[in-house]
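The values are calculated or read from the model by the stated rules, or taken from the named source; none is laboratory data. No experiment lies behind these values; they were computed from the predicted model shown. Quick reminder, even Gly has a Cβ in these numbers, built from the backbone with ideal geometry, and neighbours come from all protein chains shown.
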Amino acid sequence: MSDLPHVLVIGCGSIGERHLRCFLNTGRCRAAVCDTNGRLVAEVAARYGVNGYDSLEAASVFPATAWVICTPAHTHLALTRRGLEAGMNVLIEKPLATGLDGVAAVRAAMAAHPACHVAVAYVFHAMPWLQEMRRALLSGDFGRPRHASLVAGQHFPTFRPAYRDIYYARHESGGGAIQDALTHSVNAMEWLLGPTTRVYCDAAHQVLEGVEVEDTVNIAARHGGVLASYCYNQFQAPNELELRVHAERGSLAMEVHRQRWGWMRHGDADWTWQPTPAERDDLFTWQAGAFLDGCAGLPSPLASFEDGVQTLKFNLAALESVRTGRPVEIA
Ligand SMILES: NC(=O)c1ccc[n+]([C@@H]2O[C@H](COP(=O)([O-])OP(=O)(O)OC[C@H]3O[C@@H](n4cnc5c(N)ncnc54)[C@H](O)[C@@H]3O)[C@@H](O)[C@H]2O)c1
């Protein structure tokens, strides 16, 4: 057996296969896959020349040191707890969960296994554009952030034709635009500005055929002293995501679809842009490397378990605000 970390990817559907490929791309680990769908796991394992197992019991012969949890959101916390109790480092796909039940039990398991590294796979943390924008914002050069906006969307059926038949179709399994898609941007904004403290959300099912969950969202939020707005839909033609932060002495922006970040200070005639080309797999490979760094006790930019809990509270507050028609405070 090699000394390299041994990573077991649990759930090898859409994102699990990508994690498997990108962990292997790092060249820093061995990997195997586990999925309760025996046909799927056999196919994926054969495609990458790794071992595949159709249950965690069967996977126990693989000497895992880390689990990457890529199952639907309502299963994440129970699997995380089980992994920690088996001494695993754990990378958990977003969103962390669909409710707060189980959070306390994971915290207790983390306290009992302090050597285990836990991170949440909000992949925006691996984006060079967001990392640079955050560094500039935290340097203080631009003054205090005061106002921020997220404007984004894509034609979801183009990117996920099976959306009707997967977890996306139901809130209970982590579906809908708020829990599934917008959550990446909310977590990114919280990384820049700090936790959301208040959420006022309007959302509706507008277009996507075959589902009833919301595909369109407008949110007015507060991150402490910063006013923020979120505008998102899953049926528009352009696949675009633009995040802007306006601070006392200038503005900062990230444009994912143009793979760049930039700034404009008061007095500047135009934006200064910094492009960094990256394929989608590059982001997941950098994320995998950052997780392996964390497992080795090195600094890692990935979202922590508590960051995931905070963004989960946002999701729950947004859904409650839609139901009640009122703003919801987040403690
Ligand atoms: N970071 C991203 O960009 C990104 C993209 C897509 C999905 N996701 C997230 O990843 C998670 C999975 O999404 P997906 O699109 O891959 O879903 P998917 O439906 O394609 O795959 C999920 C897989 O998990 C398997 N599974 C379910 N319960 C299991 C269990 N107890 N043990 C083993 N296998 C089990 C299913 O058989 C299925 O193959 C969700 O939380 C989703 O929000 C993240």
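Points to keep in mind about this one:
- Qualifying residue in segment 100-109 (condition: more than 12 Å from the ligand (Cβ to nearest atom) and under 15 Å from Leu8 (Cα atoms)): no
- Taking first residues from segment 38-58 that are within 12 Å of the ligand (Cβ to nearest atom) and partners that are among the aliphatic types (A, V, I, L, M), the Cβ contacts under 6 Å between residues at least 6 apart in sequence or on separate chains come to Val41/Val33; Val44/Val33; Gly52/Val33; Gly52/Val41; Gly52/Ala42; Gly52/Ala45; Tyr53/Ala59; Asp54/Val41.
- Of the residues making up segment 63-95, just one is of a type in the set (D, E, K, R), more than 23 Å from Ala181 (Cβ to Cβ) and within 11 Å of the ligand (Cβ to nearest atom), namely Arg82.
- Taking the listed residues Phe142, Phe124, the one that is over 17 Å from His6 (Cα atoms), outside any helix (DSSP H, G or I) and aromatic (Phe, Trp, Tyr) is Phe142, with no other qualifying.
- Tyr53 falls short of the stated requirement of being touching a Leu at 6+ places or on another chain (Cβ under 7 Å) and among the hydroxyl-bearing types (Ser, Thr, Tyr).
- Qualifying residue in segment 7-18 (condition: loosely packed, with under 14 Cβ neighbours inside 10 Å, over 21 Å from Gln287 (Cα atoms) and of a type in the set (Ser, Thr, Tyr)): no
- Boolean, Leu283 is in contact with a Cys (Cβ under 7 Å, 6 or more places away or on another chain), closer than 30 Å to Ala115 by Cβ, assigned to a helix (DSSP H, G or I) and not assigned by TED's automatic domain parsing to the domain that holds Leu24: no
- Scope segment 281-295; condition in contact (Cβ under 8 Å) with a residue 60 or more places away in the chain and out of contact with any helix residue (DSSP H, G or I) (no Cβ under 8 Å at 6 or more places or on another chain); matching residues: Phe291, Gly294, Cys295
- One residue alone among Gly194, Gly143 is in contact (Cβ under 8 Å) with a residue 40 or more places away in the chain and either in contact with a Pro (Cβ under 8 Å, 6 or more places away or on another chain) or of a type outside the set (Phe, Trp, Tyr) (or both), and that residue is Gly143.
- Criterion: touching a strand residue (DSSP E or B) at 6+ places or on another chain (Cβ under 6 Å), surrounded by fewer than 20 Cβ atoms within 10 Å (Cβ to Cβ), small (Gly, Ala, Ser) and at pLDDT 95 or above - qualifying residue of Ser321, Ser304, Ser251: Ser251
- Residue within segment 158-167 that is under 30 Å from Ala86 (Cα atoms) and within 16 Å of the ligand (Cβ to nearest atom) present: yes
- Within segment 110-121, restricting attention to residues that are in a loop (DSSP other than H, G, I, E, B), more than 23 Å from Leu182 (Cβ to Cβ) and touching a strand residue (DSSP E or B) at 6+ places or on another chain (Cβ under 9 Å), the residue that is farthest from the ligand (Cβ to nearest atom) is Ala115.
- Identity of the residue in segment 62-80, under 19 Å from Gly175 (Cβ atoms) and hydrophobic (A, V, I, L, M, F, W, C), that ends up surrounded by the fewest Cβ atoms within 10 Å (Cβ to Cβ): Ala78
- If you go through segment 252-280 and keep only what is over 17 Å from Ser185 (Cα atoms), in contact with a Gly (Cβ under 7 Å, 6 or more places away or on another chain), hydrophobic (A, V, I, L, M, F, W, C) and touching a residue at least 24 places away in the same chain (Cβ under 8 Å), you end up with just Trp263.
- Residue match in segment 273-290 (condition: of a type in the set (Ser, Thr, Tyr), out of contact with any Pro (no Cβ under 9 Å at 6 or more places or on another chain) and within 16 Å of the ligand (Cβ to nearest atom)): yes
- Residue check, His125 buried (at least 19 other Cβ atoms within 10 Å of the Cβ), farther than 20 Å from Asn315 by Cα and not acidic (Asp, Glu): no
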